[in-house]
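> Dropping a structure here in structure tokens format, bear with me for questions.
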Amino acid sequence: MELGITYSLCGELEPAKRELKSVLDIYEAKGDVYSIARVSDQLAVVEAHLGRVPEAAVHFERARQCWKRLGNDEQLLLTMNNLGVLYYWQGGFEQAESVLQQGLEGAHRLTNARPEMYLRQSMADVKRDKG
């Protein structure tokens, strides 16, 4: 996974995608839900940067389901923020607002305010652009 992230940080998105997909296959075979979620989040970011928004949405949704299953609310909310931003980039303001609102509803359970701040900022961007 680290190699895929490194490729991504260097702007080498196709090698990053290949590496992350290979790692994801390994974690899927093992049934490692935590690692599937982490790699799916990273793969979604790479796909989004490649302009493959539908593929990115699939990976963010996959990560979202894994974080829910694991009860990892902080990571879940960060993934929901990323998914909301992705929908926003697509012009899907209603869908973005829905995902972000769901995230905000769960944010009060956390002691760490970081995910809530990201969600609020993203929601403000959506509302601004909706007028």
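> More than 12 Å from the chain's Cα centre (by Cα) and exposed (fewer than 14 other Cβ atoms within 10 Å of the Cβ), is that true of R109?
yes
For (1) open to solvent by 30 Å² or more (accessible area, probe 1.4 Å); (2) more than 17 Å from L13 (Cβ to Cβ), each residue gets a yes or a no:
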{"residue": "L43", "(1), (2)": "no, no"}
{"residue": "V46", "(1), (2)": "no, no"}
{"residue": "P54", "(1), (2)": "yes, no"}
{"residue": "F60", "(1), (2)": "no, no"}
{"residue": "Q75", "(1), (2)": "yes, yes"}
{"residue": "G103", "(1), (2)": "no, yes"}
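> Counting just the residues of the stretch 113-131 that are open to solvent by 60 Å² or more (accessible area, probe 1.4 Å) and over 17 Å from the mean Cα position of the chain (by Cα), which one comes out modelled with the lowest pLDDT?
Looking at residues that are open to solvent by 60 Å² or more (accessible area, probe 1.4 Å) and over 17 Å from the mean Cα position of the chain (by Cα), I get G131.
> Turning to a different aspect of this structure: Could you please find all residues in the stretch 33-85 being among the aromatic types (F, W, Y) and in contact with an Asp or Glu (Cβ under 9 Å, 6 or more places away or on another chain)?
F60, W67
> Looking only at the stretch 16-34, which residues are in a helix (DSSP H, G or I) and open to solvent by 30 Å² or more (accessible area, probe 1.4 Å)?
The answer is K17, R18, E19, K21, S22, D25, I26, Y27, E28, A29, K30, Y34.
> Within the stretch 73-90, does at least one residue satisfy the condition of being of a type in the set (G, A, S), out of contact with any strand residue (DSSP E or B) (no Cβ under 6 Å at 6 or more places or on another chain) and free of Cβ contacts under 8 Å to residues at least 40 places away in the same chain?
No, every residue in the stretch 73-90 fails to be of a type in the set (G, A, S), out of contact with any strand residue (DSSP E or B) (no Cβ under 6 Å at 6 or more places or on another chain) and free of Cβ contacts under 8 Å to residues at least 40 places away in the same chain.
The values are calculated or read from the model by the stated rules, or taken from the named source; none is laboratory data. These numbers come from a predicted model, not from an experiment. Cβ coordinates were reconstructed from backbone atoms using ideal geometry, including for glycine residues, and neighbour counts include every protein chain displayed. These area figures cover heavy atoms from the full protein model, side chains too; ligands, DNA and RNA do not enter into them. Shrake-Rupley method; radii C 1.70, N 1.55, O 1.52, S 1.80 Å.
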